[in-house]
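The values are calculated or read from the model by the stated rules, or taken from the named source; none is laboratory data. The shown structure was predicted, so the numbers you read here are calculated from the model rather than taken from an experiment. Please note: Cβ atoms are built from the backbone with ideal geometry, for glycine as well, and neighbour counts cover all protein chains shown. Surface areas here come from the heavy atoms of the whole protein model, side chains and all, with no ligands, DNA or RNA. Shrake-Rupley method; radii C 1.70, N 1.55, O 1.52, S 1.80 Å.
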Amino acid sequence: MITWMQKHKKWLIVTIWISTIAFVGAGFVGWGSYDYGKSNSTVAIVNDKEVPLTDLQNEYSALYSQYQQMFGETFNKELADQLKLEDAAFQRVVQKYLLINYANDLGLAVTDKEMAKELVKITAFQVDGKFDKKTYMSVLKQNRRTVAEFEDQLKKDLLVSKVQKVFNISLNKTEIKNLGSILYSEDEVSIMVLDKNKLSINIDQKNMKEFWSQNKENYKSPTGLKISLSKIETVENKTKKEMRKIALKKYIKLKKDELKFSSDKTIYNDGGFLSAEDYKKALDSKDGTVLKPLYIQNNYYVIKKISSIEPTVLAYEDVKSKVKVAFSEKLKNDLIKTKIKQAKENFKGVSLGFIKRDSKPYIKGLSDDDIKQFVQQLFQSQSKIGSVDLADKTIVYQITNSKLATYDEANDKTVESIFASIKNNNISNNLLEQLKNKYEIKSFMGKN
């Protein structure tokens, strides 16, 4: 999942929508701490406009919510950190202020009346389909926003929308007809399915050991940590907050060597004692650092880093089973490449007949998702003969004939929506690049 999100992150960032409204549904999402060079409330200056911290927090919460809606409970703070969502939120808020500056130059503005008209449409503030002031105040309070802050944000977002509408371009009838005939064109296709799992390979032990020798760096012991620790047992009827105060007192005494740590422990990055975040915090610390109390498995612990344990290359016999899996995969990949080349040179496939980009042809041994992926890649390709790699299979294909689709007015809206979106996104991206050169951007972002 993380690979997919990293691949599509740019799409999620560049698109600017009314994040103030998205924020209402998302609620406030906490994040890391930053050191701001100008003040603790300004994260950047775009042209002559200061970007307040609240705007950045708003963008982060909206962006976090968007991923959460897409991936549900599998998306969490740890994944958000891996994706650098804080940086993405900063990039997005800067883009917004570039457009706000440009809107001012164009003489665009949002009146109180326009803002109020949009405000009453927000379903989070409605009761029985009508705007309710009491609900409005309550929701803002829950989201840690004042009326003035929220309405100012909403005005900014509506101003950005006005700029975007200036550059919205629709297609004419001729363009729709021509593009529709291409979009719904049909290809006559023949295919050969190569199944990696059915390939017969011979594993030579000498060659496998040579493979390990060339890839030793991939077979190392995990990074480790030697630590001293003291556990602060949770006292019955005391809250987590109260226990933290007790833990902090013990932390100070341990740090001053007024108390001794109760035990030593060696932990690894593939173990479960510390969270990934706490493990990295300890690993990045200097030897001898005493970390502030960490809440682990319903108790507080004070940890002192003794030293890091650097990873070392593991002996061949200790990793032989892992090497065999990787070596087998390499042999199969090499063999499949040879078979693909042979298939293209002497193609003898099974005909699927004419198919369109929304077709679902029956292909023996393939799932619906595999077929969908194959058809999508087929229509993105410009080669008459080629191959599509799936999870454990490769489809070698040959396009023997093509025909443009007959014009169908029922497809007009779909065609217009797809190509207008592509046009407008290209225009928006080009505009933002020009505005970066037009307006000076000063960033005060710097991690502690």
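Can you spot a residue in the stretch 148-167 that is farther than 24 Å from residue 53 by Cβ, outside any helix (DSSP H, G or I) and touching a residue at least 40 places away in the same chain (Cβ under 8 Å)? Yes: one or more hits.
Within the stretch 384-393, none of the residues are part of a helix (DSSP H, G or I) and of a type in the set (S, T, N, Q).
Note on the stretch 136-152: residues that are within 22 Å of residue 59 (Cβ to Cβ) and either open to solvent by less than 40 Å² (accessible area, probe 1.4 Å) or among the aliphatic types (A, V, I, L, M) (or both) total 8. Here the stretch 394-418 is the region considered, the condition is being part of a helix (DSSP H, G or I) and within 27 Å of residue 368 (Cβ to Cβ), and the residue that is farthest from the chain's Cα centre (by Cα) is 410.
Among the residues of the stretch 234-289, how many are of a type in the set (Lys, Arg) and assigned to a helix (DSSP H, G or I)?
Narrowing the stretch 234-289 to residues of a type in the set (Lys, Arg): 238, 240-241, 244-245, 249-250, 253, 255-256, 260, 265, 280-281, 286.
Still in the list and also assigned to a helix (DSSP H, G or I): 240-241, 244-245, 249-250, 253, 255, 280-281.
Residues flagged as of a type in the set (Lys, Arg) and assigned to a helix (DSSP H, G or I) within the stretch 234-289 amount to 10.
Listed here are the helices (runs of 4 or more DSSP H) enclosed by the stretch 64-135 that have at least 1 residues being open to solvent by less than 50 Å² (accessible area, probe 1.4 Å) and among the β-branched types (Val, Ile, Thr): 85-106. Of the residues making up the stretch 356-378, those that are outside any loop (DSSP other than H, G, I, E, B), at pLDDT below 90 and either open to solvent by 30 Å² or more (accessible area, probe 1.4 Å) or of a type in the set (D, E, K, R) (or both) are 376, 377. Just one of (1) touching a helix residue (DSSP H, G or I) at 6+ places or on another chain (Cβ under 7 Å); (2) buried (at least 16 other Cβ atoms within 10 Å of the Cβ); (3) β-branched (Val, Ile, Thr) fails for residue 313. It is (2).
Of the residues making up the stretch 390-442, those that are modelled with pLDDT of 75 or more, basic (Lys, Arg) and closer than 30 Å to residue 163 by Cβ number 4. Filter the stretch 264-284 for residues that are open to solvent by 50 Å² or more (accessible area, probe 1.4 Å), farther than 16 Å from residue 222 by Cα and without any contact (Cβ under 8 Å) to a residue 40 or more places away in the chain and give the result. Scanning the stretch 264-284 gives a single hit, 281.
Against the conditions (1) of a type outside the set (Val, Ile, Thr); (2) farther than 22 Å from residue 263 by Cα; (3) under 37 Å from the mean Cα position of the chain (by Cα); (4) surrounded by 12 or more Cβ atoms within 10 Å (Cβ to Cβ), residue 210 satisfies every one except (3). Of all positions in the stretch 243-251, none carries a residue that is without any contact (Cβ under 8 Å) to a residue 40 or more places away in the chain and open to solvent by less than 90 Å² (accessible area, probe 1.4 Å). The single condition among (1) buried (at least 16 other Cβ atoms within 10 Å of the Cβ); (2) under 30 Å from residue 82 (Cβ atoms) that residue 287 does not satisfy is (1).
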